[in-house]
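Quick notes on the structure that follows.
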Amino acid sequence: MIPENKQLKILIDAQLAKEFKAVCKKTGVSMAKGLSGYMEGRIGSKTFPQATPVRIDTRRDRRGAMRSIVLKLVAIRDAEQAYMEAIPENLQGGPAYEDAECAISMMDEAIDLLSEAYR
């Protein structure tokens with residue numbers, strides 16, 4: 001479980017961040033609460049299972065752990081891409097399609113950044 005006092009930082013498109021901030025301000029919801037609600041809706045839970053400790057004593061171990069994370073993200077991104085492609089054409093402008101597009105974009109960025117970390 002992620003402790004209450006920990007923050008998760010996500011880099012997103014500046015325009016998207018500005019729009020998110022405006023919506024939160026307009027609705028009177030804090031940005032943290034808005035993001036938490038969004039994430040809860042996407043994954044269905046506020047808690048995360050405890051990860052199995054990974055041996056990361058050496059650079060080689062850390063590179064292997066990072067490769068494993070990247071591979072999992074790629075699998076999730078591919079599943080989201082398949083979901084998005086299965087959305088009927090008449091619903092492709094809707095919120096589900098836009099959420100999938102946003103998730104894919106963020107995962108692509110995360111994959112790129114994590115892949116660069118241990119080249």
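Laboratory data are not the source of any read-out in this text; all were calculated from the coordinates shown. None of these values were measured; they are calculated from a predicted model. In this analysis, Cβ positions are derived from the backbone assuming ideal geometry, glycine residues included, and neighbour counts consider all displayed protein chains.
How much length is gained if the chain between Val23 and Arg59 is pulled fully straight, taking 0.36 nm per residue apart and subtracting their Cα-Cα distance, in nm to one decimal?
Result for the pair: 8.7 nm of gain on full extension.
Would you mind checking the range 85-119 for residues with the amide N under 16 Å from a putative spin-label position 7 Å along Cα→C-beta of Val74?
The answer is 107-119.
What shape does the range 51-119 take by its C-alpha gyration tensor, where a ≥ b ≥ c are the square roots of the eigenvalues and a/c under 1.5 counts as rounded, a/b above b/c as prolate, and the rest as oblate? Mind showing how you got there, number by number?
Numbers: a/c = 3.99, a/b = 2.92, b/c = 1.37.
Prolate.
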